[in-house]
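**Student:** Quick one: the structure is below, questions incoming.
The values are calculated or read from the model by the stated rules, or taken from the named source; none is laboratory data. For clarity, every value in this text was computed on a predicted model and none was experimentally measured. We place every Cβ from the backbone using ideal geometry, glycine too, and count neighbours over all the protein chains shown. Surface areas here come from the heavy atoms of the whole protein model, side chains and all, with no ligands, DNA or RNA. Shrake-Rupley method; radii C 1.70, N 1.55, O 1.52, S 1.80 Å.
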Amino acid sequence: MSITTLNPENKKAIIKLLYQLADDDFLYAYRGSEWLGLAPHIEEDVASSSIAQDSMGHAAMFYRLLEELGEGNADDLAHARQSHERKNCILVERVNGPGSYMENAQYDWAYAVVRNYLYTTAKKVKIQSLKQSSYQPLADVAVKVDMELHYHLLHWKTWFIQLLSSTDEARARMKDAYVQVMNDFTDVFSFGKDAELIKVYNLIDTESVLKQKWIDTITPVLESVQLEIPETFDTGKLNGRNGDHTKDLQGALSILSEVYDMNPAVAW
Amino acid sequence: MCTTIQRSKEAVLQVLANVKDPEIDTVSIIDLGMVEGITIENHTVKVEILPTFVGCPALEMIRGNIVKAVNKLEGVEETTVTFINSPPWTSDRITEKGIQGLKEFGIAPPPKYMKEDGSWHVDCPYCSSTYVTLDNIFGPTACRSILYCKSCKNPFEAMKLISSTM
């Protein structure tokens with residue numbers, strides 16, 4: 001289906017979904033980029049910032065699809081929207097730890113590894129579903145993203161398993177991070193109040209199907225490191241898909257958009 | 001007569017063969033298999049390009065270089081470049097000339113296939129030794145990895161395998 005043959009409701013559903021996908025990767029990429037220069041060793045600095053760059057590319061592509069659907073310029077969509085307009089899940093907006101990347105950063109690598117691994121596995125499940133999306137431009141993008149995700153997943157899975165199989169301290173910190181991340185998994189597979197609309201047009205699998213596929217994917221990995229999926233990880237508090245967010249998001253957006261805000265009219 | 005020849009597809013292809021990867025001056029965008037379509041309508045040339053990696057910051061530079069080069073052709077008044085995602089770029093689109101160009105630059109061409117565990121192997125582009133170690137799947141650009149040759153003791157890079165079977 002192309003843009004011109006879309007009925008208004010179908011178009012609305014695509015737009016709603018695209019904002020969620022775009023904002024997710026935008027914030028995920030930003031939090032990844034904050035590790036630049038701070039990662040545990042130099043090769044990791046190269047790897048994690050490369051993953052952040054890829055992910056920012058994915059966000060840019062989703063914003064461009066929104067641009068094609070008449071939502072406005074992709075740069076403006078990325079930078080000019082307020083935090084209550086954002087549709088990303090809570091997990092990706094969380095800070096990396098106390099302090100800022102410029103000074104006194106006390107970032108937790110265990111948290112980064114757990115968040116990145118679990119987010120990437122969830123993204124992989126969604127992207128594979130999007131490859132069958134009824135909206136062809138989105139399906140095409142998903143094919144492209146899926147190839148890059150292969151490397152991201154390989155990377156974070158290696159860290160995840162190795163740290164959980166390492167020293168007592170590493171394992172304890174990873175387990176703490178795991179609890180923290182799972183507590184924020186409430187809205188990762190939620191489409192918020194737009195769930196019904198998105199479902200009608202076969203843009204992506206439903207929330208429950210995606211979640212089950214994700215559980216099936218990670219269960220063997222979790223078992224290999226003696227971890228279990230907590231039963232209560234979907235008893236929600238905030239739902240980012242409906243525009244509910246923590247103050248961490250505002251902090252991220254003001255840094256991300258600092259240069260853009262100096263002069264939004266400048267062409268890059 | 002002359003303008004017709006200048007505006008032929010072949011002429012455009014010839015020009016594009018001189019548009020290099022901004023970071024690897026031994027390979028062109030044709031060698032890399034990035035050029036998917038060329039359409040000529042009157043005095044306008046439309047070029048369709050497949051990005052190797054979605055977030056590649058060199059894309060805008062490549063766009064500029066294509067426009068500059070094609071606009072020099074006689075009879076061409078406007079050149080537009082569109083980045084498209086279908087078909088997806090895969091590393092097997094790199095031509096034989098591209099493979100030679102990469103090696104010349106000290107970059108191992110992408111491996112042809114992936115092992116069952118998702119890993120892959122390349123030989124050293126300098127000495128062809130197979131005794132290499134993968135230092136980092138990620139490298140200085142999105143499309144490259146960092147390796148080390150145990151035989152000739154050179155660090156080197158490899159183009160990542162990108163395939164639709166991944």
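**Student:** Within the range A:206-263, work out how many residues are in a helix (DSSP H, G or I) and among the β-branched types (Val, Ile, Thr).
**Tutor:** Residues that pass the stated criteria total 8.
Let's see how each residue does on (1) free of Cβ contacts under 8 Å to residues at least 12 places away in the same chain; (2) farther than 20 Å from A:LYS157 by Cβ; (3) part of a strand (DSSP E or B):
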site	(1), (2), (3)
B:ASP117	yes, no, no
B:HIS121	yes, no, no
B:CYS127	no, yes, no
B:THR130	yes, yes, no
B:ALA142	no, no, no
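**Student:** Quick check on my filter: what residues within the range B:24-47 are open to solvent by 70 Å² or more (accessible area, probe 1.4 Å) and within 14 Å of chain A (Cβ to nearest Cβ)?
**Tutor:** B:GLU36
**Student:** May I pose another question? Against the definition (at pLDDT 95 or above and surrounded by fewer than 17 Cβ atoms within 10 Å (Cβ to Cβ)), how does A:LYS247 come out, yes or no?
**Tutor:** yes
**Student:** Among the residues of the range B:82-110, count how many are part of a loop (DSSP other than H, G, I, E, B) and surrounded by fewer than 18 Cβ atoms within 10 Å (Cβ to Cβ).
**Tutor:** 6
**Student:** Which of the residues belonging to the range A:52-78 are over 23 Å from B:THR52 (Cβ atoms) and surrounded by fewer than 22 Cβ atoms within 10 Å (Cβ to Cβ)?
**Tutor:** The answer is A:LEU66, A:LEU69, A:GLY70, A:GLU71, A:GLY72, A:ASN73, A:ASP76.
Residue-wise test of (1) within 17 Å of the chain's Cα centre (by Cα); (2) surrounded by 12 or more Cβ atoms within 10 Å (Cβ to Cβ); (3) under 28 Å from A:SER50 (Cα atoms); (4) at pLDDT below 95.
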position: A:MET174; (1), (2), (3), (4): no, yes, yes, no
position: A:PHE191; (1), (2), (3), (4): yes, yes, no, no
position: A:GLU196; (1), (2), (3), (4): no, no, no, no
position: A:PRO230; (1), (2), (3), (4): no, yes, no, yes
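**Student:** Going by the conditions given, is B:PRO155 more than 23 Å from A:SER55 (Cα to Cα) and open to solvent by 60 Å² or more (accessible area, probe 1.4 Å)?
**Tutor:** Yes: the conditions hold for B:PRO155.
**Student:** Here's something else I'd like to know. Mind listing whichever residues of the range A:28-50 are touching a helix residue (DSSP H, G or I) at 6+ places or on another chain (Cβ under 9 Å), among the aliphatic types (A, V, I, L, M) and either closer than 18 Å to B:ILE137 by Cα or open to solvent by 20 Å² or more (accessible area, probe 1.4 Å) (or both)?
**Tutor:** A:LEU36, A:LEU38, A:ALA39, A:ALA47
**Student:** Name the single residue, out of those in the range B:62-93 being of a type in the set (A, V, I, L, M) and over 15 Å from B:VAL35 (Cα atoms), that is farthest from the other protein chains (Cβ to nearest Cβ). Explain how you work it out, then say what you get.
**Tutor:** Step one: of the range B:62-93, the residues of a type in the set (A, V, I, L, M) are B:62, B:66-67, B:69-70, B:73, B:76, B:81, B:84.
Adding the requirement that they be over 15 Å from B:VAL35 (Cα atoms) leaves B:73, B:76.
Working: B:LEU73: 27, B:VAL76: 24 Å.
Only one residue tops the list, namely B:LEU73.
**Student:** Please determine whether any residue of the range A:6-26 is of a type in the set (Val, Ile, Thr), part of a loop (DSSP other than H, G, I, E, B) and either open to solvent by 70 Å² or more (accessible area, probe 1.4 Å) or away from chain B (no Cβ under 12 Å) (or both). Walk me through how you get there before you give the answer.
**Tutor:** Taking the range A:6-26 first, the residues of a type in the set (Val, Ile, Thr) are A:14-15.
Those still in the list that are part of a loop (DSSP other than H, G, I, E, B) too: none.
Checking the range A:6-26: not a single residue is of a type in the set (Val, Ile, Thr), part of a loop (DSSP other than H, G, I, E, B) and either open to solvent by 70 Å² or more (accessible area, probe 1.4 Å) or away from chain B (no Cβ under 12 Å) (or both).
**Student:** Next question, about the same structure. Out of B:ASP92, B:ASP21, B:ASP31, I need the residue that is among the charged types (D, E, K, R) and touching a Leu at 6+ places or on another chain (Cβ under 7 Å). Which one?
**Tutor:** Numbers: B:ASP92 fails: touching a Leu at 6+ places or on another chain (Cβ under 7 Å); B:ASP31 fails: touching a Leu at 6+ places or on another chain (Cβ under 7 Å).
Among B:ASP92, B:ASP21, B:ASP31, only B:ASP21 is among the charged types (D, E, K, R) and touching a Leu at 6+ places or on another chain (Cβ under 7 Å).
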